[in-house]
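To start, the structure under review is shown below, and the notes come after it.
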Amino acid sequence: MTDASPPTSPAAANLDYRVAHVAEHLASGHLGELGVRLEPHGDAVLLTGTVPSTQCRDEILRMVREELAGHPVHCDLLVAGTSSPDHGEDLT
């Protein structure tokens with residue numbers, strides 16, 4: 001029986017470990033962000049999900065770039081619209 005999966009390079013395995021560590025840090029830290037996903041793509045990492053504010057997005061991005069220094073980080077984090085409506089809703 002043969003293993004059909006390609007061999008994992010030590011650098012890729014290290015990146016996977018570091019990404020898992022950062023994701024755990026995001027979920028358990030003061031940000032408590034469970035909706036943010038980190039996905040390794042080759043040597044780069046993609047951040048996806050929704051956050052409550054631009055400050056939260058900027059802090060997450062800064063922390064991830066520090067933790068994964070040497071790897072490109074692409075940010076696709078959306079900021080949830082939490083402002084109140086500027087006009088009433090017309091119901092007919």
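Is it the case that residue 47 is over 9 Å from the mean Cα position of the chain (by Cα), among the aliphatic types (A, V, I, L, M) and not in a helix (DSSP H, G or I)?
Numbers: over 9 Å from the mean Cα position of the chain (by Cα): no; among the aliphatic types (A, V, I, L, M): yes; not in a helix (DSSP H, G or I): yes.
In short, no.
If you go through region 16-44 and keep only what is at pLDDT below 90, among the hydrophobic types (A, V, I, L, M, F, W, C), exposed (fewer than 14 other Cβ atoms within 10 Å of the Cβ) and assigned to a helix (DSSP H, G or I), you end up with just 27. Among residues of region 73-92 that are without any contact (Cβ under 8 Å) to a residue 60 or more places away in the chain, none has a beta-carbon under 8 Å from a residue that is surrounded by fewer than 10 Cβ atoms within 10 Å (Cβ to Cβ) and among the aromatic types (Phe, Trp, Tyr) at least six positions away or on a different chain.
If I ask for residues that are outside any helix (DSSP H, G or I), β-branched (Val, Ile, Thr) and within 17 Å of residue 32 (Cβ to Cβ), which ones from region 50-84 would you list?
50, 51, 79, 82
The values are calculated or read from the model by the stated rules, or taken from the named source; none is laboratory data. Quick caveat, the model's predicted, so the values are computed rather than measured. In this analysis, Cβ positions are derived from the backbone assuming ideal geometry, glycine residues included, and neighbour counts consider all displayed protein chains.
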